[in-house]
Amino acid sequence: MIASIQRFWQVAVICLATTVAAPAIAQETLSTTETSLAAPELYLQTLRGTVWIVNETAEGTFFGTGWLVDEDTRLIITNDHVVEGTDQVKVYYPRFDETGRPLTDPDEYKLNADPLTGTVIDSDPERDLAIIQLEEIGDLEALQLAALDPLPAEQLHTVGANTRGSPSLWGYVSGRGRNTYRVTEEGFDAMVVENDLLINSGNSGGPLVNDNGEVVGVCFAAMSNARGVSLAIAASEVRTYLEEAHDWISPETAQDYNQVGIRHFTRERYQAAIRCFTEAIELDATDAVYFANRGHTHAIVGAYEEAIEDCSEAIRLDSNYGRGYRWRAIAYRYQGRMTLALSDIDRALELDDSSAFDWNQRGLIHWSEENIGQAIEDFTQALTLDASFAHAYHNRGLCYHEQGAYSLAVDDFLAALDNGLETARVYSDLGNTLFAAEQYDLAVTAYDLAIDEGGSVAVYFANRANALRELREFDKAIDDYQWAIQLDPTRAVYHAWLAKAYWDAGRNQLALTAVNDALALNDQNAHFYQLRSRINKELGNVDAAKADGDRAVQLGGGEYKWRSTRYLKVVNNTGETIRVHVIYHTKGSDGRWHWYPWQREGGESVTFEFAPGESAFLLDGDFRIQADKVRIWAEDVDSDITWQDANHYAWLVKTEYVGDELGVFTYTFK
């Protein structure tokens, strides 16, 4: 369903109620000319039961439609995707002028109307339905729910509040029913009414009515791969949902409130869950379960002291209640109180050592204490108990990464993905591990998937750019760094990485501009001055390069130094097995410059044998060769072919440079 339809965002509102009457049900008759309403009359009747829902979130403001199903209990029906992730919404009902025509300018409502407050009572993602309750209903009039789903060819109508493509409110659309059938696919299971109404974003949650003004469906989607095909949740599905939701709408006992709280919790409406668990506690303060559930929810929203207080009360009521120890341990861990956290999770495991969840939590505590080996053992035990525990694979993979066991880390990240944890974070962590293992092409693929899953997250673009730069795909890397900067312009390091990409590509003036941008954001970073020193050196700005290098040394706290040598790395791209000869110039233990090995006993050069395609740093005994210049040449071991001769010099460093470590000079035989 998700693959084949485009969901339309709406918003709905609801508050806790005490009782709910059965919705008004029409007689089981089809529309007839005797009972059908004229279109204008039908429009106004439907409009008086329709509302505009405004959902204000951190991600933005979303608009939707809903309709009043019961006046006594002030209940509104809308779509689940309209209220997803929120507890309360704003609701506007239609206003009319002196002639009875609706006011359709959105600003009239925003500036001159006080919105009603709606609280989400319940939602059902599988049906894409939600129930909300208003503080009051104003001038709204309930719409009647049809007794039967519509037949094909029935004339159908809907009113949308604030729909895409129109600057006004309360737009009317009509069409005909095509068919009614059940759809079961990808977490969706409901009877739907297929129709040809041309609905748009903003129609979601709106009433689909027949010629009698009876609600036969709830608009929710349009097919993305077909023209003029829309879908609504059928009236029969709405009726079944309302019947099932009776206890959730009007809880009476402590257990009722606890169950409603759990339902809110599973839908991530945590404040509503806390309110319900609190009602349960007020009705029965002797049940440890209610305190533990509220404590768990407090921990999820970051109210750790409240979580600890609730869990402590649960433990006081029942000292053998493992979940009380579990959630208190989690709250302690988030507070950084690891000793207490470990004590509590150990107690939970003492009560039940078969909980993979608790072994995973124990691993997280050990990991936070940098006890990586023990953390891996705990995650492994969790996976022994539950081989499909995706989070444990992910966590163990992160530990393996820290140990440098990149192959094992990759295996675990892939297992996490195979077991359903297909998140941008896992793909990104997989990319980081592949990058560390110098598998840059595979890292790019992993970051591609992270971006596909996570959308516009700056760090994913920046990390992909780093991998592309290692592959020397500088133009692509530059594009990604620019995207990262556009998404998060205040991260100085992104500007510095962009400068490196420009520098690598030989675009030194642009590199200078980018590193200047980095320093404008953070002028206390030694690495940025080091980078600008090198760029200025390339541009011939000798004095500026020296000043930047001195500043890097000053800020580096002993880490950055002026350096006069680089490590030597050789690459054999000749296609032959070659013998490489090196004589190198470096500082000796006396602090003076010498040629080696001539000025040591024995031998005229250091020799190395390289297979075709081989690359390596050069070692003279245990000493990794570092020098300011070398004499380097080679010959084919099986023929008279030579590359260079004993008089060939290669400069590794011509003028001093600043670095936190020695640089690398790569010499390639071709």
With the structure loaded, tell me whether F474 is of a type in the set (F, W, Y), out of contact with any Cys (no Cβ under 9 Å at 6 or more places or on another chain), over 24 Å from E186 (Cα atoms) and open to solvent by 40 Å² or more (accessible area, probe 1.4 Å) or whether it fails that test.
no
When W367 is run through (1) more than 20 Å from F389 (Cα to Cα); (2) part of a helix (DSSP H, G or I); (3) open to solvent by 40 Å² or more (accessible area, probe 1.4 Å), the failure sits at (1)
Using the structure shown, decide if Y290 is in contact with a Leu (Cβ under 8 Å, 6 or more places away or on another chain), touching a residue at least 24 places away in the same chain (Cβ under 8 Å), crowded, with 20+ Cβ neighbours inside 10 Å and closer than 20 Å to D122 by Cβ.
no
Checked segment 201-226 for anything within 13 Å of G175 (Cβ to Cβ) and either surrounded by fewer than 24 Cβ atoms within 10 Å (Cβ to Cβ) or touching a Phe, Trp or Tyr at 6+ places or on another chain (Cβ under 8 Å) (or both); matches are N203, D211, C219, A222
Determine which member of the set R624, R631 is open to solvent by less than 60 Å² (accessible area, probe 1.4 Å) and at pLDDT 90 or above.
R631
Reported set for segment 238-257 where residues are assigned to a helix (DSSP H, G or I) and open to solvent by less than 10 Å² (accessible area, probe 1.4 Å) is V238, Y241, I249
Residues located in segment 63-81, provided they are open to solvent by 40 Å² or more (accessible area, probe 1.4 Å) and either closer than 16 Å to V173 by Cα or under 30 Å from the mean Cα position of the chain (by Cα) (or both)
F63
Please specify each residue of segment 48-62 satisfying the condition of being modelled with pLDDT of 95 or more and open to solvent by 10 Å² or more (accessible area, probe 1.4 Å).
R48
I'd like to check something: does segment 553-569 contain any residue that is within 30 Å of E609 (Cα to Cα), in contact with a strand residue (DSSP E or B) (Cβ under 7 Å, 6 or more places away or on another chain) and hydrophobic (A, V, I, L, M, F, W, C)?
yes
List, please: which pairs have Cβ atoms under 7 Å, are six or more places apart or on different chains, and start with a residue in segment 248-268 that is closer than 19 Å to L75 by Cα and end with one that is in a loop (DSSP other than H, G, I, E, B) and open to solvent by less than 50 Å² (accessible area, probe 1.4 Å)?
I249/A17; I249/V20; S250/A17; S250/V20; Y257/P251; V260/P251
For segment 151-198, give me each residue that is under 19 Å from S224 (Cα atoms) and aromatic (F, W, Y).
Y181, F188
Any residue in segment 269-282 that is out of contact with any Ser or Thr (no Cβ under 6 Å at 6 or more places or on another chain), open to solvent by less than 50 Å² (accessible area, probe 1.4 Å) and more than 29 Å from V82 (Cα to Cα)?
yes
Selection over segment 552-569 where residues are surrounded by fewer than 22 Cβ atoms within 10 Å (Cβ to Cβ) and in contact with a helix residue (DSSP H, G or I) (Cβ under 9 Å, 6 or more places away or on another chain) yields a count of 8
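The values are calculated or read from the model by the stated rules, or taken from the named source; none is laboratory data. Please read all numbers here as calculations on a predicted model, not as lab measurements. Methodologically, a virtual Cβ is constructed for each residue, glycine included, from the backbone with ideal geometry; neighbour enumeration extends over all protein chains shown. Ligands, DNA and RNA are stripped out before the accessible areas are found, and what is left, the full protein with its side chains, is counted by its heavy atoms. Shrake-Rupley method; radii C 1.70, N 1.55, O 1.52, S 1.80 Å.
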